[in-house]
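A short worksheet on the structure shown next.
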Amino acid sequence: MKLQRPETDEIFRGRAYDEAGHLHAAASREQASADLIDRWDRDREGYPDASSIILTHTNDAVHDLNLAARERLRGAGELGEDVTVAAERGRRAFATGDRIMFLKNERSMGVKNGSLGTVQNLTQTRMAVMLDDGRSIAFDIKDYNQIDHGYAATIHKAQGVTVDRVHVLATPGLDRHAAYVALSRHRDRVDLHYGRDDFADQGKLVRVLSRERAKDMASDYTRDFADRREIRLPAPAVENGKATPARSPFAGLKLNLGPLRDIPASGKGSAEPKRDGRFAGLKLNTASLAKAPEPRPLDQAVARYGRAVQDVMRMHDQGLQPLAHQTQAMNKAVDALNAVRAHGAQDLYAAIRKDPALVGEAANGRTARAIQAMLAETDLRLDVGARADRFVADWQQRARLFRRLENDGDYARAERVKDQLNTMAKSLHRDPQLESLLRQRTKELGIRPSNGGSISQDLHQWVGRSRSRGRGL
């Protein structure tokens, strides 16, 4: 689920990133970096086909994050034997399987500054790389050595990069422009990490990431630029012995376009309008202003799913079964959402169960909150421990409801809850990791495990016994 990209001047308005679980604070920048690498590594294993990149502000931080990422791949046995080469930024150890970034445009190789690829083969003098666009290239390192590891990059270097998942380490050197670039490089998800030694609280983070560069103070850069280069602020102009602020080149500019509205149409019988020389030849092209941007495929799919769910819910609210065309529309909406994002319908449905208000918002085209909630559910689905907690909580809640409806004689609604419980039990066939964890929590589920049987079978049997005996949690 793609996260709604931020407006330039509304990066954190409404705490959308925080509430959706995309903002991660740590006690220090060092711990934030470690947490970022942990999340990046989980993403790499959970989304093996997804492209990703780590972004931060300085080259030194990029170097450290690249090394930390390589250690994870080395530990997982995914890299070949290291070969040390003389790269532009110093000696670098590369191996087959390594991610690589090209740092200079080279037309003969078909690479640009910021191009990414994966090392296929190399020696100390030559390297073969599969670029992310599907092309294979090979080059002599003595002819082109502007390369570095491609797990992490500076935000400046990544301005032309678009990947599936992005991880950002925020530091005080960032500003509004850099934050917007960093938070808009993703297709599916972005996560931002920061240390409280850099930003005492979220409010400070928001202020730094929303500031204009012109308003920066030298003190904002103390940590990132100390001992690297002298920072020179432009000297103020001096007039009559007093410093005066630099004048904007646009100061005092006024555009009064009011008279243009009343210019009579030209043609026979009409007077030629008197032209104001200041605006002679001025043309206003408002086409780009009037044309609304095309919705992204994910937004369209989420809105379609919301409309389909809304129709079905209205029928259920009236005690009716959905009509044939509504069921067909629901199935098509599920397929469309899953085509844009794998398991998207499953994750959005889980989000809607927690917050039914998302349905109306999505159906009316306001998809941002639904998408953020769907992303949070994706993380939860991939975290097997959290999934086990949620399964137990959902099972207990539905089991209590099932028992109450049975006792009240509301057999029609009880039957629907029973179907939901059986669906939950059946889902464990596709999730052996979750079923393994639940074996340790049978008491919380209210079942007695049978010898040799699966947890899924035990849950099915519990539902059947409860219907006739009134047993429950």
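What pairs come up if the first residue lies in the range 391-408 and is under 13 Å from Gln420 (Cβ atoms), the second is open to solvent by less than 50 Å² (accessible area, probe 1.4 Å) and not in a helix (DSSP H, G or I), and their beta carbons are under 6 Å apart, counting only those six or more places apart or on different chains?
Ala399/Gly472
Anything in the range 3-22 that is modelled with pLDDT of 60 or more and surrounded by 19 or more Cβ atoms within 10 Å (Cβ to Cβ)? List them, or say none. Even if it seems obvious, please write down each step before you answer.
From the range 3-22, those modelled with pLDDT of 60 or more are 17-22; that's our starting set.
Once the filter is applied, which keeps residues that are modelled with pLDDT of 60 or more and surrounded by 19 or more Cβ atoms within 10 Å (Cβ to Cβ), the range 3-22 yields Tyr17, Ala20, His22.
Could you look through the range 93-102, keep only residues that are open to solvent by less than 10 Å² (accessible area, probe 1.4 Å) and in a strand (DSSP E or B), and pick out the one that is farthest from Tyr144 (Cα to Cα)?
Checked the range 93-102; the qualifying residue farthest from Tyr144 (Cα to Cα) is Phe94.
Looking at Glu71, Glu81 in this structure, which one is open to solvent by 40 Å² or more (accessible area, probe 1.4 Å) and assigned to a loop (DSSP other than H, G, I, E, B)?
Glu81
Could you tell me which of the residues Leu192, Leu103 is aliphatic (A, V, I, L, M), touching a Leu at 6+ places or on another chain (Cβ under 6 Å) and under 29 Å from Gln31 (Cα atoms)?
Working: Leu103 fails: touching a Leu at 6+ places or on another chain (Cβ under 6 Å).
Being aliphatic (A, V, I, L, M), touching a Leu at 6+ places or on another chain (Cβ under 6 Å) and under 29 Å from Gln31 (Cα atoms) holds for just one of Leu192, Leu103, which is Leu192.
Take the residues of the range 42-51 that are open to solvent by 20 Å² or more (accessible area, probe 1.4 Å) and either in contact with a strand residue (DSSP E or B) (Cβ under 8 Å, 6 or more places away or on another chain) or assigned to a helix (DSSP H, G or I) (or both): which is nearest to Arg99 (Cα to Cα)?
Ser51
Can you find even one residue in the range 311-319 that is β-branched (Val, Ile, Thr), more than 18 Å from Leu375 (Cα to Cα) and under 25 Å from the mean Cα position of the chain (by Cα)?
no
Can you confirm whether Arg448 is assigned to a loop (DSSP other than H, G, I, E, B) and among the basic types (Lys, Arg)?
For Arg448, the condition - assigned to a loop (DSSP other than H, G, I, E, B) and among the basic types (Lys, Arg) - is met.
On the given criteria, is Ala373 in contact (Cβ under 8 Å) with a residue 24 or more places away in the chain, touching a helix residue (DSSP H, G or I) at 6+ places or on another chain (Cβ under 8 Å), closer than 18 Å to Gly21 by Cα and of a type in the set (Gly, Ala, Ser)?
On the way: in contact (Cβ under 8 Å) with a residue 24 or more places away in the chain: yes; touching a helix residue (DSSP H, G or I) at 6+ places or on another chain (Cβ under 8 Å): yes; closer than 18 Å to Gly21 by Cα: yes; of a type in the set (Gly, Ala, Ser): yes.
Yes, satisfied.
In the range 114-133, is there at least one residue being assigned to a strand (DSSP E or B) and within 18 Å of the chain's Cα centre (by Cα)?
The answer is no; no qualifying residue exists.
Considering only the range 23-32, how many residues are within 17 Å of Ala61 (Cα to Cα) and surrounded by fewer than 20 Cβ atoms within 10 Å (Cβ to Cβ)?
Result for the range 23-32: 4.
Quick one: count up the residues across the range 296-308 that are free of Cβ contacts under 8 Å to residues at least 40 places away in the same chain and open to solvent by less than 90 Å² (accessible area, probe 1.4 Å).
1
Of everything in the range 125-134, what is open to solvent by 20 Å² or more (accessible area, probe 1.4 Å) and modelled with pLDDT of 90 or more? Give them in sequence order.
Thr125, Arg126, Ala128, Met130
As an exercise: evaluate Ser427 against (1) more than 16 Å from Gln346 (Cα to Cα); (2) among the hydroxyl-bearing types (Ser, Thr, Tyr); (3) modelled with pLDDT of 80 or more and give the number of the one condition it does not meet.
(1)
Does Ser450 count as within 25 Å of Ala414 (Cβ to Cβ), among the hydroxyl-bearing types (Ser, Thr, Tyr), surrounded by 17 or more Cβ atoms within 10 Å (Cβ to Cβ) and modelled with pLDDT under 85?
Considered against the rule, which asks whether it is within 25 Å of Ala414 (Cβ to Cβ), among the hydroxyl-bearing types (Ser, Thr, Tyr), surrounded by 17 or more Cβ atoms within 10 Å (Cβ to Cβ) and modelled with pLDDT under 85, Ser450 comes out as no.
For the range 52-62, how many residues meet the condition of being in contact (Cβ under 8 Å) with a residue 24 or more places away in the chain and open to solvent by 30 Å² or more (accessible area, probe 1.4 Å)?
Matching residues across the range 52-62 total 3.
Can you tell me which residue is most open to solvent (accessible area, probe 1.4 Å) among those in the range 103-120 that are among the aliphatic types (A, V, I, L, M) and over 19 Å from Ala93 (Cα atoms)?
The selected residue is Met109.
The values are calculated or read from the model by the stated rules, or taken from the named source; none is laboratory data. Because the structure is a prediction, the values reported are computed rather than measured. Glycine gets a Cβ as well: all are built from the backbone with ideal geometry, and neighbour counts include every protein chain shown. Accessible surface areas use protein heavy atoms only, side chains included; no ligands, DNA or RNA. Shrake-Rupley method; radii C 1.70, N 1.55, O 1.52, S 1.80 Å.
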